[in-house]
Amino acid sequence: MQKLGFERRGGVEGFLRALEEFHGYRAPGVVIGGFMVDLAVRQMRGHEMLDAVVETSKCLIDAVQLLTPCTAGNGWVRVIDSGRYALTLYDKVTFEGVRVWVDPKKLAGFPEIERWFFRRASKKDLPLEVLNPKIVAAGEGILSWRRVRVLTGAAGKRHAPEPRLCSDCGESFRAEGPERCPGCRGSYCEVVE
Ligand SMILES: [Zn+2]
């Protein structure tokens, strides 16, 4: 039986240590994400094969990677960026899942977390040593969740096209479109020597 959620890291404290090592520091967004994943895996108990969607490109994916076998590399967690602080764990066979989100109404009961979440607090007046214990104490108290079914279009694995050689750089690439690779159509880097 695979260990999921906080149990995978030996509890909340173990998760926080692993987070620091993996993410570089105890980012509050990932701490909240840990509680989101832990809630979701508990609600999905009995489902062996889970996939995940995170709705923001920041932070949440690392909570999923630390507390489940889903990684960006194995393709079991994907970003579908809605800009919302939410994630879904779902059964990759039935597409039934649980969506968890930070609930603004519930944040009202946790003023420090609320100020941080809405970017009203500077790092100086709300340091991590103050904020993170508040997040751990709040736990799932700031979260809401619902059962969902992931639409198969969104769940479907993206099949990369077969590899072919770029007419320009000559490297092999996998992408739709012309015979020039996306890199040669506009690269993120340039050769310096
Ligand atoms: Zn090319």
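Details
- Residue-normalised accessible area of the chain, expressed per residue, 1.4 Å probe, Å²: 58 Å²
- Arg164, Arg147, ranked by accessible area, largest first (probe 1.4 Å): Arg147, Arg164
- Whole-number percent relative contact order across the range 39-161, with pairs defined as alpha carbons under 8 Å at least 6 apart: 25 percent
- Percent carbon-and-sulfur accessible area, the chain, ignoring ligands, DNA and RNA, probe 1.4 Å: 53 percent
- The range 35-178: radius of gyration over Cα atoms, expressed as a fraction of 2.2 N^0.38 Å: 1.28
- Phi-based couplings in Hz for the range 75-85 (Karplus 6.51, -1.76, 1.60; Gly and Pro marked x): x, 7, 10, 10, 9, 10, 6, 9, x, 8, 8
- Taking 0.36 nm per residue of sequence separation and removing the Cα-Cα distance, the Lys106/Phe118 pair yields an extension gain of 3.0 nm.
- In this structure, Arg149 and Asp81 have a Cβ-Cβ separation that, at R0 = 22 Å, corresponds to a calculated FRET efficiency of about 0.60.
- Among the GluC sites (Glu not before Pro) found in the range 86-192, those both in a DSSP coil and sparsely packed, with 13 or fewer other Cβ atoms within 10 Å of their Cβ, are Glu171, Glu176, Glu179, Glu190.
- Note that the range 21-79 carries a Kirkwood radius of 11.6 Å, evaluated over its alpha carbons pair by pair.
- With all protein chains in place and ligands, DNA and RNA left out, the 1.4 Å accessible area ranks Asp125, Asp38 as Asp125, Asp38, largest first.
- Label-point gap, in nm, between Val136 and Glu190 - each point 7 angstrom along Cα→Cβ: 4.9 nm
- Cys189 accessible area, 1.4 Å probe, all protein chains in place, Å² to nearest 10: 80 Å²
The values are calculated or read from the model by the stated rules, or taken from the named source; none is laboratory data. This one's a predicted model, so the numbers in the text were calculated from it and none came from an experiment. Backbone-built Cβ (ideal geometry, glycine too); neighbour counts: all protein chains shown. Just the protein is used for accessible areas: all its heavy atoms, side chains included, with ligands, DNA and RNA removed. Shrake-Rupley method; radii C 1.70, N 1.55, O 1.52, S 1.80 Å.
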